[in-house]
């Protein structure tokens with residue numbers, strides 16, 4: 001049982017390049033989330049999804065797009081990377097049943113934009 | 001607007017000491033308060049959580065204290081160990097929301 005798996009673990013991009021971060025979960029969770037973590041800023045929500053085929057904007061969505069074509073996968077895209085997008089990106093998932101369900105996080109993708 | 005304020009930002013404790021991290025919130029609709037622990041190079045993982053119908057929850061050396069009237073909750077780590085060195089995040093969520101609100105995190109260092 002792998003939980004939440006993020007691919008790739010590290011990546012260096014040049015300004016203007018595009019890339020897609022993949023998040024896969026094997027827990028049959030309905031809700032999935034993308035966060036970025038920057039020093040002193042905590043976890044900031046980029047986009048989230050409450051089910052297959054649905055997506056919604058979070059706190060810092062500009063410059064990012066997402067897709068959830070399959071329940072187990074949640075993709076985060078950077079169309080034209082900017083140095084301000086240098087960060088550690090975390091994917092999380094959560095079961096919808098019950099009020100007290102915690103989020104399960106992957107181990108992150110460390111992205112540097114030069 | 002930061003809905004969950006976490007303090008301190010960093011904390012240094014000697015081995016065997018007590019580590020205390022505090023969080024305060026504004027939204028009275030919050031009804032689930034988890035704490036996450038994050039080790040370097042890893043994602044956050046649930047450590048312990050509490051609902052507002054109890055004032056304290058203990059799991060081993062980790063205790064959450066909850067003060068509903070003051071809208072505050074705190075994490076106490078008793079007999080702190082070097083292996084507890086990590087970043088700790090408090091969070092809060094209401095039953096009607098898909099999205100938890102996180103504090104900005106506390107970096108804990110426990111010296112041997």
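Just so you know, all these numbers are worked out from the coordinates, no wet-lab data involved. Every value quoted in this text rests on a predicted model; they were computed, and no experiment measured them. Methodologically, a virtual Cβ is constructed for each residue, glycine included, from the backbone with ideal geometry; neighbour enumeration extends over all protein chains shown.
What to note about this one:
- Check on residue A:39, touching a residue at least 60 places away in the same chain (Cβ under 8 Å) and under 14 Å from residue A:110 (Cα atoms): no
- Of residues in the stretch B:42-56 being more than 7 Å from chain A (Cβ to nearest Cβ) and assigned to a loop (DSSP other than H, G, I, E, B), the one surrounded by the fewest Cβ atoms within 10 Å (Cβ to Cβ): B:53
- Strands (runs of 3 or more DSSP E) wholly inside the stretch A:48-104 that include at least 1 residues being within 14 Å of another protein chain (Cβ to nearest Cβ) and under 19 Å from residue A:7 (Cα atoms): A:73-78, A:87-94
- Restricting attention to the stretch A:1-43, the residues that are assigned to a loop (DSSP other than H, G, I, E, B) and under 20 Å from residue B:102 (Cβ atoms) total 5.
- Verdict on residue B:87 being within 23 Å of residue A:45 (Cα to Cα) and assigned to a loop (DSSP other than H, G, I, E, B): no
- Filter pass, residue A:110 being touching a strand residue (DSSP E or B) at 6+ places or on another chain (Cβ under 8 Å), within 14 Å of chain B (Cβ to nearest Cβ), under 26 Å from residue A:2 (Cα atoms) and in contact (Cβ under 8 Å) with a residue 60 or more places away in the chain: yes
- Residue A:53 vs. criteria surrounded by fewer than 17 Cβ atoms within 10 Å (Cβ to Cβ), out of contact with any strand residue (DSSP E or B) (no Cβ under 7 Å at 6 or more places or on another chain) and at positive phi: yes
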